[in-house]
Amino acid sequence: MATNFDFLKTVDKNLFEIITEAEKLYRDEYFEQCMSQTRRFGEHVCKNVLGKNRTSENTFDEMLATLKDKANGAEQEKEFINDLYFLKKQGNASVHSSKVKKDGMTALECLQRAFEVAVNYAVYNKKGKQSILKLRYDTELLVTGKRSKKSLTERYLEEKDKAKTFTKRKTVKTKASKKQVSSMKSKTNEQKGFPIYWIIVGISFIAACIVMVMSIL
């Protein structure tokens with residue numbers, strides 16, 4: 001089954017196995033376990049990035065603090081560290097939570113952040129191909145395990161066309177409804193008027209009565 005992290009296979013097999021397990025947990029709706037697994041992934045990435053610079057740091061928090069101190073202030077590094085902090089925070093929350101929360105959205109964000117971490121790690125730490133930077137997290141691939149044959153741009157344009165078609169149909173339907181109401185009103189107004197036929201009959205009846213009365217007199 002294809003995953004969003006296939007590019008990690010040749011970069012770091014251990015990290016690949018950790019994070020693909022997180023995707024499996026998500027598909028099975030084990031969202032809290034998924035978040036814990038992404039935290040584990042983040043911790044291993046952090047440890048690998050520190051490498052020889054790691055001394056007495058044992059916890060994820062300590063390693064992150066050291067990594068932050070050694071950062072050069074580049075925007076890409078800041079995002080990388082922020083993503084790791086996010087994975088740590090959400091992973092800790094899921095482990096220490098007293099109640100089970102079916103928080104699929106947060107679990108999905110953890111996977112997306114882990115993906116960004118993996119891309120940066122593969123390219124900037126492991127000197128991977130620059131083309132990896134063009135990859136985008138595919139939620140359809142996450143759920144189905146199959147890559148979409150259409151590009152992100154093609155899917156966006158397709159959804160845009162669907163939205164336009166829906167709007168047009170809604171507009172036509174609204175106009176048709178208004179026209180129908182208008183004609184119904186016209187018909188009702190006609191029914192309220194007094195028909196000419198009955199006016200003539202009434203006049204004739206009155207005239208006949210007058211003639212009868214006159215003949216009696």
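The values are calculated or read from the model by the stated rules, or taken from the named source; none is laboratory data. This structure is a prediction, so every number in the text was calculated from the model and none was measured. Counting neighbours? That spans all protein chains shown, and the Cβs are built from the backbone with ideal geometry, glycine included. What goes into the accessible areas is simple: the full protein's heavy atoms, side chains included, and nothing from ligands, DNA or RNA. Shrake-Rupley method; radii C 1.70, N 1.55, O 1.52, S 1.80 Å.
Scanning the stretch 39-54 for residues that are in a loop (DSSP other than H, G, I, E, B) and either open to solvent by 70 Å² or more (accessible area, probe 1.4 Å) or touching a residue at least 60 places away in the same chain (Cβ under 8 Å) (or both) turns up at least one hit.
Scanning the stretch 117-142 for residues that are over 17 Å from Leu50 (Cα atoms) and loosely packed, with under 15 Cβ neighbours inside 10 Å gives Lys129, Gln130, Ser131, Leu133, Lys134, Arg136, Thr139, Glu140.
Please indicate, with yes or no, whether at least one residue in the stretch 4-26 is over 16 Å from Phe115 (Cα atoms) and part of a loop (DSSP other than H, G, I, E, B). Looking for residues that are over 16 Å from Phe115 (Cα atoms) and part of a loop (DSSP other than H, G, I, E, B), one finds none in the stretch 4-26, hence no.
Under the condition of being among the aliphatic types (A, V, I, L, M), open to solvent by 30 Å² or more (accessible area, probe 1.4 Å) and within 18 Å of Lys126 (Cβ to Cβ), the residues counted in the stretch 4-33 number 1.
Restricted to the stretch 126-151, and to residues there that are over 13 Å from Asn4 (Cα atoms) and of a type in the set (S, T, N, Q), the residue that is modelled with the lowest pLDDT is Ser151.
Does the stretch 122-132 include one or more residues that are of a type in the set (Ser, Thr, Tyr) and more than 20 Å from Phe16 (Cβ to Cβ)? Checking the stretch 122-132: not a single residue is of a type in the set (Ser, Thr, Tyr) and more than 20 Å from Phe16 (Cβ to Cβ).
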